[in-house]
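Asks: Please read through the structure below; I'll follow up with questions.
The values are calculated or read from the model by the stated rules, or taken from the named source; none is laboratory data. Note that the structure is predicted; figures quoted are calculated from it, not measured. With ideal geometry, Cβ positions are generated from the backbone for all residues, glycine too; neighbour counts draw on all protein chains shown. Surface accessibility is based on the protein's heavy atoms, side chains included, excluding ligands, DNA and RNA. Shrake-Rupley method; radii C 1.70, N 1.55, O 1.52, S 1.80 Å.
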Amino acid sequence: MKYGSLFGAQVLLLTAVFTVQPANAQIPTPASVLGFTPGDDRKLVEWPVLVDYYQQLANASDRVQFRNLGNTTNGAPFVALVITSPENMSRLEEIRQMNLKLADPRTLTSDAERDRILTEGKTIVLITSSIHSTEVGGHLSPTVIAHRLATENTPETMTILDNTVVLLVPSLNPDGITIVSNWYNRTLGTSAEGLGPPELYHPYVGHDNNRDWYAFTQVETQMTVDSLHNGWRPHITHDIHQQGANGSRFFLPPFIDPIEPNVDPLLVNGYNTLGTYMAWELLGQGKKGIVVTATYDAWTPARAYMHHHGGVRVLSETASARLASPIEMPFENLRQGRGFHAQESSWNFSAPWEGGTWRLSNIVDYQSSGAMALLKHAALNRQVWVRNFLTVNERATEGWDDWPYAIVIADDQENDIGLNAMLEILHRGLVEVRRAESSFQAEVTAHTLPLLMGVEVAMVEDEFDVTLSEPIGRAAPNYWYDGLSVENPGRVTPRIALYKNYNASMDEGWTRWILDKWRIPYISLVDSVLRGGNLHQRFDAIIIPDQSPRQIVEGLGANYPAPYRGGMGEQGRQALVDFVNQGGTLVTFNSASQFAFDLPVRNVVDGLDVGEFFAPGTLFRLELDKDHPLTDNVPNGTAGWFQRSPAWDLEPGSGLTAVARYPNNPEDVLLSGWVLGEQRIAGKAAMVEANVGQGRVVLFGIRPQYRAQSIATYPLFFNALKARLGT
């Protein structure tokens, strides 16, 4: 896919291609288009129906604009609404341009211009919903929010419209709405009613689409960042989610520790204040079970793009039902969470919910009311939000006292693809990269590595003199691996299979995305085909992505319809054994490496509790057997992603090869992140090759393709496929 031209089109969309409809048109209610009131029990619709509603709403209201930002992974329209007063709508581009000047204070031409924008600027609020498609309230709450803003004439709503510009994304994952709604409606009245679908609800990455906000791999993330985050630079982003059913009814910030240290304290205080205000407002409406400062932290940049671009992120999490089916939740079944107990009143959980029936209508009510409370605060405190946004960006452009003077990236990187991929990420993230136009010397007092990309950079603390170019563009990475990539994968008969369990694995989806991106032909191998055997007649290599052995073997339970029930079972496992014995290559990732074959290896961390060994998602140094062909194109000492991973002792005389090990010295194991008990894995194998019969098994004790980010270790994966393909 090519998305470069799409951004250019989006720039036009942000300027002058929209017309505003007269206010005298009949404004449709959600029920008039959907066929039911949002929140009705057992009622869901697919994405095209929702798009139709938003188009009709925009056609009828002079407060609403409809924008199609492009196409989703499966080709559906990815849309946003702009909602504000008719007066603001008439000068929308002027408001946007004013805010972009505050986002980069270097562009302000005078104090007078600065003061004028601070006086006239509006609070820019981005509301995003339904990134996780089984959180079905997020499908419907945006219809309620949009309709209220389009029709209400109360002083409160008029203040919101006058003082804010609302960017409403009804779904960050439209394909998933259709997947989940279609599945739910098909299974109504069956034992599968209310269960999740037997496939990923984002076509590639499922639930992990929430972890893509710094790598920008998925097209939905790219469109949101390019058109909305970067195109508008919102002061506030409200991210609507759902959580488990037996805890609080509604979570809001403040978040629990740890706090990400690179986020401006003014932003931390901003989301603390806003979340607490929303909780206060909703409790005043009689809504119980609201918790703050519990359960969720704000550490990772994978979910918080706005925290590094001058805005705050408010996460809300509403208790779930069984998709759109109601549940009974007795008070005695409510449970303790991190920082509170759902049965007990506390400072951060002042009014427990009394239990009872919990419906989709409750979810829609909490979510839409929370959004309106947020907008009320944004409107009433417009000048504070606009001024503080400028202050944060002034500090960002001037630099903090403890920031390094420069981050230097050498041109002569061994990994060109990793370098260009990293530069592409930096460019999309609005990081200015300049080229030194003369040679220079600098004292380097510390080093770090963009470890996942396999790119070396130097953190330079002290000032140095060098002539710099204007900000440079980016060269798109050429995703190509000799011996595997082809010009047109659709015209190649694949000899590679990727196992696909109906108990859908996100690691399978990420692997599929990588193979597609690198134009490596493959087919998806489902259980019924696998159990049929004779695999060696069709395939040279089979990949089993990261998944627990139990899920692989047992799959989905008895409540699912027959085509999806069960996993590969013993019959499928034996088919894999036969495949290898007859000459095939089996490649297994992470937890899946503990399944299928009884090899003479011992997982040294199996059974250890978290007090003995714990690495919650950590980059460890890999020492490679550089004489082995599987390590081609990978430098020794590269980083491997360890998360719930095995590490092996090989039995003496086993004939197995440790292709990669962790360093013998425990102090050398850790590269990034944190670990408890690193001595447990020091010197142990992280990647093993075993010859079995006429074939072989390649065991990865890491995720070499982790979330399509660990480009540094892709060659280990690709080489495992190449060797059996005779290249």
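Asks: Just the accessible area for ILE256, please: 1.4 Å probe, Å², rounded to the nearest 10?
Replies: Answer for ILE256: close to 30 Å² accessible.
Asks: Determine one quarter of the surface area of the Cα convex hull of the stretch 62-104, which equals its mean projected area, and express it in nm² to one decimal.
Replies: Taking the Cα atoms of the stretch 62-104, their convex hull projects to 3.9 nm² on average.
Asks: For the chain, what relative contact order do you get, as a whole percent, if you take Cα pairs closer than 8 Å and at least 6 residues apart?
Replies: This gives 11 percent for the chain.
Asks: Is the stretch 652-727 best put as rounded, prolate or oblate by its Cα gyration tensor, with a ≥ b ≥ c the root eigenvalues, rounded for a/c under 1.5, and otherwise prolate when a/b is larger than b/c, oblate when not?
Replies: oblate
Asks: Can you run phi through the Karplus equation (6.51, -1.76, 1.60; θ = phi - 60°) for the stretch 372-384 and list ³J(HN,Hα) in whole Hz, with x for Gly and Pro?
Replies: For the stretch 372-384, the Karplus curve yields 5, 5, 4, 5, 4, 5, 4, 6, 5, 10, 3, 5, 5 Hz.
Asks: Answer with one residue from ILE681, ILE523, PRO253: the one whose Cα lies farthest towards the positive end of the charge dipole of the chain, charges on Cβ with Lys, Arg +1 and Asp, Glu -1.
Replies: The one lying farthest along the dipole's positive direction is ILE523.
Asks: Rounded to whole Hz and in sequence order, give me ³J(HN,Hα) for the stretch 560-569 from the Karplus expression 6.51 cos²θ - 1.76 cosθ + 1.60, θ = phi - 60°, writing x for Gly and Pro.
Replies: My calculation for the stretch 560-569 gives 7, x, 3, x, 10, 6, x, x, 6, x Hz in order.
Asks: From the Cα trace of the stretch 319-433, what convex hull volume per residue do you get, rounded to a whole Å³?
Replies: About 249 Å³ per residue, rounded to a whole number.
Asks: Which whole-angstrom value gives the distance between the alpha carbon centres of the stretch 300-375 and the stretch 51-127?
Replies: The distance from the Cα centre of the stretch 300-375 to that of the stretch 51-127 comes to 29 Å.
Asks: Which aspartates and glutamates have a Cα lying under 14 Å from the Cα of LYS43, excluding residues fewer than 8 positions away in the same chain?
Replies: Those aspartates and glutamates meeting the cut-off are GLU135, GLU193.
Asks: Right, another one. For the stretch 201-262, max minus min Cα coordinate along each principal axis, in Å, sorted largest first?
Replies: Result for the stretch 201-262: principal-axis Cα extents of 35, 30, 20 Å.
Asks: Same structure, new question: Using a 1.4 angstrom probe, figure out how much accessible area the chain has per residue, in square angstrom, rounded to the nearest whole.
Replies: 40 Å²
Asks: What's the center-to-center distance, using Cα atoms, between the stretch 521-552 and the stretch 176-196 in Å?
Replies: If we compute the Cα centre of each part, the gap is 26 Å.
Asks: Under a Cβ-Cβ cut-off of 13 Å, what is the net charge of the residues other than ARG359 that fall near it, where Lys and Arg count +1 and Asp and Glu count -1?
Replies: 0
Asks: I've got another one for you. Over the heavy atoms of VAL610, what accessible area does a 1.4 Å probe trace out, to the nearest 10 Å²?
Replies: 100 Å²
Asks: Next question. Out of residues 5 or more away from VAL659 or on other chains, whose amide H comes under 5 Å of its own, with H placed 1.01 Å from N in the peptide plane?
Replies: When sequence neighbours closer than 5 places are left aside, the close amide H contacts are MET687, VAL688, GLU689.
Asks: Sticking with this structure for a sec: Using a cut-off of 16 Å between alpha-carbon atoms, which aspartates and glutamates can reach LYS376, once sequence neighbours fewer than 8 places away in the same chain are excluded?
Replies: Excluding near neighbours in sequence, the set is GLU152, GLU156, ASP162, GLU281.
Asks: Ignoring everything but the protein chains, give the 1.4 Å probe accessible area of GLU344 in square angstrom, nearest 10.
Replies: Accessible area, nearest 10 Å²: 110 Å².
Asks: Among all the lysines, which ones have a C-alpha under 21 Å from LYS626's C-alpha, if same-chain residues fewer than 8 places away are not counted?
Replies: Candidates past the 8-residue exclusion: LYS684, LYS722.
Asks: Right, another one. Helix-only estimate, please: 222 nm mean residue ellipticity of the chain, summing -39500 (n - 2.57) across DSSP H runs of length 4 or more and dividing by its residues, to the nearest 500.
Replies: -9000 deg cm²/dmol
Asks: Report ³J(HN,Hα) in whole Hz for each residue of the stretch 341-347, in order, from the Karplus equation J = 6.51 cos²θ - 1.76 cosθ + 1.60 where θ = phi - 60°; Gly and Pro get x.
Replies: Running phi through 6.51 cos²θ - 1.76 cosθ + 1.60 with θ = phi - 60° gives 10, 5, 9, 10, 6, 8, 4 Hz.
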